[in-house]
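Down below is the structure, laid out as structure tokens.
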Amino acid sequence: MIGVQLLADMPWRLIEGKLIMSAMTLLLNNTYEPLQVVGWQRAITLLWQGKVEVLEEHDEEIHSISFSMRIPSVLRMLLPVRIKRRAPVKFTRLNIFTRDGFKCGYCGEKKETSELTFDHVNPVSLGGRKSWENIITACVECNSRKAGRTPQQAKMKLLKKPKQPVWAQVVTVTVGLRKTPENWSDYLYWNCVLE
């Protein structure tokens, strides 16, 4: 999951008589996921090194003796940047429910957390272990009906074989702006409610 936090005002500069933010640039991975926010100087360096492509530009320009160019607003890396993965997903009741979509593994009904429990597919009394591969979300009714037996013994069908989840790391790009530039909005939709 990708997110953006807006913290505080960035320093503002006067460029060509206009008061603008310090020309910050949103840097995306080659898959269009936000990686970080960099200053315009770093953005220009990455561009000259041939490591990025420009997707959006600020209205402001920078000038040298021999050329001028608009300041990049959004850059995309041309090659993938490996993001360090977190430790495996913790084995908790909430993560079990989340893995199973808050649905009973036997009847498939989506329930409120208060109406759910977890069930050992292979019961502890029969040597079942407490692991991702042996625990499934179950509604109270189905768990009572199964009652310490295997699904086969209880004549119940397991809808999906449980396995350890492999969730992507949550990446938070911290943007030091109260208001992000408008042309970033298409690249920061990960934590927005879609209408």
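Write out, first by first residue and then by second, each pair whose Cβ atoms fall under 9 Å of each other, whose residues are 6+ apart or on separate chains, and whose first residue, in region 127-141, is assigned by TED's automatic domain parsing to the domain that holds Arg99 while the second is assigned to a loop (DSSP other than H, G, I, E, B) and among the β-branched types (Val, Ile, Thr).
So the pair list comes out as Gly128/Val121; Gly128/Thr150; Trp132/Val89; Glu133/Val121; Asn134/Val121; Ile135/Val121; Ile136/Val121.
Taking region 40-75 only, how many residues are farther than 13 Å from Leu27 by Cα and charged (D, E, K, R)?
4
Can you tell me which of Ser73, Ser66 is free of Cβ contacts under 8 Å to residues at least 60 places away in the same chain, among the polar types (S, T, N, Q) and either assigned by TED's automatic domain parsing to the domain that holds Trp184 or surrounded by fewer than 13 Cβ atoms within 10 Å (Cβ to Cβ) (or both)? Even if it seems obvious, please write down each step before you answer.
On the way: Ser73 fails: free of Cβ contacts under 8 Å to residues at least 60 places away in the same chain.
Matching residue, one of Ser73, Ser66: Ser66.
Kindly indicate the residue of region 92-103 that is without any contact (Cβ under 8 Å) to a residue 40 or more places away in the chain and in a loop (DSSP other than H, G, I, E, B) and also surrounded by the most Cβ atoms within 10 Å (Cβ to Cβ) among those meeting that condition.
My answer is Phe102.
Can you name the residue in region 104-117 that is in a loop (DSSP other than H, G, I, E, B) and touching a strand residue (DSSP E or B) at 6+ places or on another chain (Cβ under 9 Å) and, of all such residues, is surrounded by the fewest Cβ atoms within 10 Å (Cβ to Cβ)? Give the derivation first.
Our first condition is that a residue be in a loop (DSSP other than H, G, I, E, B); within region 104-117, this holds for 104-109, 111-112.
Applying the additional criterion that residues be touching a strand residue (DSSP E or B) at 6+ places or on another chain (Cβ under 9 Å) yields 104-107, 109, 111.
Numbers: Cys104: 23, Gly105: 25, Tyr106: 23, Cys107: 15, Glu109: 13, Lys111: 18.
Step by step, filter region 104-117, then rank; the result is Glu109.
The values are calculated or read from the model by the stated rules, or taken from the named source; none is laboratory data. The structure displayed is predicted, hence computed values, not measured ones. Reconstructed Cβ throughout: ideal geometry from the backbone, glycine too, with neighbour counts over all protein chains shown.
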